[in-house]
Amino acid sequence: VDAIPGICGQPYQVGVFNAGDAHINGVNAEFDWNPTDNLSVGFNMEWLEAETDTVLELGDLYVESGTKLPLTPDFTAGAWATYDWSVPSMNANGYARVQWSYSGARESSLQYTPFVNDDGSTNPYPSWTNPSYAIGDISIGLQGDDWEVSMFLNNVTDERVNYGHASQGGYTQQNLDEGRMHVDTIYTNRPREYGIRFIRKFGG
């Protein structure tokens, strides 16, 4: 009988199981308004209750009924405003737009798993709470029949969003002999950026 390989020789394995019953109930609303011929404003929002309906027990897995589903924020929202005007001398329309979006916190997994156990050992796939975030963009420009030029400022507040962590809990391997500690790897958004964009359309 071959010996069972150690951690370094054992392939990663992923199991996918039916997790029982769950529900997602919520409210979604959207509002658009044109207070003048040139100005339009609006917002949307969504509130969700996303929870399990059954107790889940499978090996070391235990999840109570009513546990929040992962990767699902309780509340999201967005708001925007656009002002446009005619520029006859250039046969174009000018516009200025501001928009903002918000997302609540999200859990990374269904069952809570600490990064460090009571005995000091670490879990390779711990739970994470990805915090809420808000991102805003501003742009102003001119738009013709087949061209557009604009100045933009995206991610005005330079928000750093934690969309999720890499595998193995987001931590790279540790090597004390080389002085390399654990490093948390996070999937994030683009930082604040600004610039000038020119678009030209060709053909019919």
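Results, tabulated for the structure shown:
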item: Top-ranked residue of segment 61-100 - restricted to ones that are open to solvent by less than 30 Å² (accessible area, probe 1.4 Å), β-branched (Val, Ile, Thr) and modelled with pLDDT of 95 or more, ranked as farthest from ILE140 (Cα to Cα); result: VAL87
item: Test: residue in segment 74-90 that is under 20 Å from ASN162 (Cβ atoms), of a type in the set (Val, Ile, Thr) and assigned to a strand (DSSP E or B); result: yes
item: Residue list for segment 45-73, restricted to those being part of a loop (DSSP other than H, G, I, E, B) and small (Gly, Ala, Ser); result: GLY59, SER65, GLY66
item: Qualifying residue in segment 186-193 (condition: touching a strand residue (DSSP E or B) at 6+ places or on another chain (Cβ under 8 Å), hydroxyl-bearing (Ser, Thr, Tyr) and at pLDDT below 95); result: yes
item: Residue list for segment 155-185, filter: at pLDDT 65 or above, in contact with a Phe, Trp or Tyr (Cβ under 9 Å, 6 or more places away or on another chain) and in a loop (DSSP other than H, G, I, E, B); result: VAL156, GLU159, ARG160, VAL161, ASN162, TYR163, ALA166, VAL183, THR185
item: Residue under evaluation SER150, criteria (1) touching a Gly at 6+ places or on another chain (Cβ under 6 Å); (2) at pLDDT 95 or above; (3) open to solvent by 100 Å² or more (accessible area, probe 1.4 Å), criterion not met; result: (3)
item: Residues being in contact (Cβ under 8 Å) with a residue 40 or more places away in the chain and either open to solvent by 50 Å² or more (accessible area, probe 1.4 Å) or among the aliphatic types (A, V, I, L, M) (or both) - total across segment 19-57; result: 7
item: Any chance LEU110 is of a type in the set (A, V, I, L, M) and either out of contact with any strand residue (DSSP E or B) (no Cβ under 9 Å at 6 or more places or on another chain) or at pLDDT below 95 (or both); result: yes
item: Extreme residue, nearest to ASP53 (Cα to Cα), among residues of segment 101-144 that are outside any strand (DSSP E or B), of a type in the set (Ser, Thr, Tyr) and open to solvent by 50 Å² or more (accessible area, probe 1.4 Å); result: TYR112
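The values are calculated or read from the model by the stated rules, or taken from the named source; none is laboratory data. Computed from a prediction, not measured in an experiment: that's the story for all the values here. Glycine also receives a Cβ, built like all others from the backbone with ideal geometry; neighbour counts cover every protein chain displayed. Surface areas here come from the heavy atoms of the whole protein model, side chains and all, with no ligands, DNA or RNA. Shrake-Rupley method; radii C 1.70, N 1.55, O 1.52, S 1.80 Å.
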